[in-house]
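Single-structure report; data block below.
The values are calculated or read from the model by the stated rules, or taken from the named source; none is laboratory data. Everything quoted here is computed from the prediction, not taken from an experiment. Backbone-built Cβ (ideal geometry, glycine too); neighbour counts: all protein chains shown. Ligands, DNA and RNA are excluded from the accessible area calculation, which covers all protein heavy atoms including side chains. Shrake-Rupley method; radii C 1.70, N 1.55, O 1.52, S 1.80 Å.
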Amino acid sequence: MKNTIIGILLIVVISFAIYAAYQTNNIQVSGQMAQSGTMQQHMQPTPKKVERPFDMVQITYGKKAYQEYCAKCHGLNAEGAVDWRKQLPNGKFPSPPLNGTGHAWHHPMATLQNVIKNSRKGSEMPAWKDTLNDVEIDAIIAWFQSQWPDEIYTAWKKGGH
Ligand code: HEC
């Protein structure tokens, strides 16, 4: 009799242990999934439907170079300086966004390349021709263009750029 009770107790304890282990495991897995879900949302740009002529290698390189050389003025996500439309007391303008919310998308490719290479006269924008080569500049442009919403990219393409 005593043995039977101990036996049953043992079975109950063991099944509870198995159940608890299973639950913890489950929670961990779903926790990981939730975490990677938010990470993905955070890191990846909104999926774009309009096809663009750049690949992930170019964009990844461009993003890295952008962060190194451009982010301190144009913002980590190319969102531009706060109040970028407001002229500064010295008559110059703060750094505009390059993520499609400014007017960079009004410029043809050649103008974008030219501003980056040679700066814009009378502004705080530096010339990069001695630091970055054409391939690097094109990769940076590809990265910030990958941030443009579909409507903006399509409008830029329609402009014949
Ligand atoms: C020291 C700050 C600074 C840095 C660093 C900088 N920029 Fe700029 N950039 C500016 C400013 C300020 C302007 C606006 C110039 C004007 O008044 O027209 C500008 C303008 C531009 C424009 C033209 C945007 C438009 O709407 O006409 C592009 C494109 C651009 N920058 C790209 C870059 C890239 C790419 C890098 C990195 C390689 C970079 N900038 C680094 C300050 C900076």
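Numbers for the structure displayed
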{"read-out": "Loop GluC sites (Glu not before Pro), region 49-140 (other Cβ atoms within 10 Å of the site Cβ: 11 or fewer; DSSP)", "value": "E51"}
{"read-out": "Fully extended contour minus Cα-Cα distance, from K48 to D83, at 0.36 nm per residue", "value": "9.8 nm"}
{"read-out": "Spin-label proximity, E124 to region 73-87 - amide N less than 13 Å from point 7 Å beyond Cα toward beta carbon", "value": "73-75, 80-87"}
{"read-out": "Whole-percent carbon and sulfur share, accessible surface of region 56-158, 1.4 Å", "value": "57"}
{"read-out": "Percent breakdown of C-alpha pair distances by 5 Å bin, ordered from the shortest bin, for region 56-158", "value": "2, 13, 23, 28, 21, 10, 3, 1, 0"}
{"read-out": "Cβ crowding within 10 Å averaged over residues, with 108-119, 84-95 ranked highest first", "value": "108-119, 84-95"}
{"read-out": "Across K64/K157; K92/K121; K72/K157, pairs whose alpha-carbon gap is larger than 21 Å", "value": "K64/K157; K72/K157"}
{"read-out": "Average accessible area per residue (Å²) across region 65-161 - probe 1.4 Å, nucleic acids and ligands excluded", "value": "57"}
